[in-house]
């Protein structure tokens, strides 16, 4: 690793820690510079703008959770791999709910950015779809999953629903009395069960 790469990684680590402990919107380049004990100009030299640094932090976190949780190779058949895929959301929520808070902040922060800064992140996130589709195709061959009318629609609808639920439960305190009726993890488990029941053959 070059000295430049080491510095970039260090700055991404510093920024990620701040984004996770506070919020992306609240943390400034100055805050990151102070935490890293460098000048603001150094950060702008390496990243150009805050959006680029935010995307680098998001990529780092996505790669970490992919390595630690989405271990689909442990499944024996297609359905079991898909089950691991969906249950990974619950495992991450139980261990690191702040990850979903970060994703919520990320979505809000990047929604106003019309540049191509998010393109590298999309490539990282795209690996989840590829792994899912591979498991689905295996499931069709081994007979463990039911064929869906449009598996692309199924994938995006279910993952978005699950992601949004995890984000909501990680960032919001109960507002209504009914919000406390069911434990958070039980709500996530229920949604996963519904999704899996639609897939299991």
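The values are calculated or read from the model by the stated rules, or taken from the named source; none is laboratory data. Here the structure is a predicted model, which is why all the values come from computation and not from measurement. Heads up, the Cβs are rebuilt from the backbone with ideal geometry, glycines too, and the neighbour counts pull from every protein chain shown.
Residue 168 - would you say it is assigned to a helix (DSSP H, G or I) and either touching a strand residue (DSSP E or B) at 6+ places or on another chain (Cβ under 8 Å) or free of Cβ contacts under 8 Å to residues at least 40 places away in the same chain (or both)? Even if it seems obvious, please write down each step before you answer.
Details: assigned to a helix (DSSP H, G or I): yes; either touching a strand residue (DSSP E or B) at 6+ places or on another chain (Cβ under 8 Å) or free of Cβ contacts under 8 Å to residues at least 40 places away in the same chain (or both): yes.
Criteria met by residue 168.
If we scan segment 184-200, do we find a residue that is in contact with a strand residue (DSSP E or B) (Cβ under 6 Å, 6 or more places away or on another chain), at negative phi and touching a residue at least 40 places away in the same chain (Cβ under 8 Å)? Give the derivation first.
Keep residues of segment 184-200 that are in contact with a strand residue (DSSP E or B) (Cβ under 6 Å, 6 or more places away or on another chain), which gives 199.
Now restrict to residues that are at negative phi: 199.
Among the residues that remain, those that are also touching a residue at least 40 places away in the same chain (Cβ under 8 Å) are: 199.
Yes: segment 184-200 contains one or more residues that are in contact with a strand residue (DSSP E or B) (Cβ under 6 Å, 6 or more places away or on another chain), at negative phi and touching a residue at least 40 places away in the same chain (Cβ under 8 Å).
When you look at residue 51, is it at pLDDT below 95 and in contact with a helix residue (DSSP H, G or I) (Cβ under 6 Å, 6 or more places away or on another chain), yes or no? Steps first, please.
Values: at pLDDT below 95: yes; in contact with a helix residue (DSSP H, G or I) (Cβ under 6 Å, 6 or more places away or on another chain): no.
For residue 51, the condition - at pLDDT below 95 and in contact with a helix residue (DSSP H, G or I) (Cβ under 6 Å, 6 or more places away or on another chain) - is not met.
Just the residues that are in contact (Cβ under 8 Å) with a residue 24 or more places away in the chain and assigned to a loop (DSSP other than H, G, I, E, B), please, taken from segment 28-44.
Passing the criteria: only 38.
Please name all residue pairs, on different chains or six or more residues apart, with Cβ atoms under 8 Å, provided the first residue is in segment 1-27 and is more than 19 Å from residue 49 (Cβ to Cβ) and the second residue is loosely packed, with under 12 Cβ neighbours inside 10 Å and at pLDDT 90 or above.
none
Could you tell me whether segment 1-10 includes any residue that is at pLDDT below 95, touching a helix residue (DSSP H, G or I) at 6+ places or on another chain (Cβ under 7 Å) and under 22 Å from residue 116 (Cβ atoms)?
Yes.
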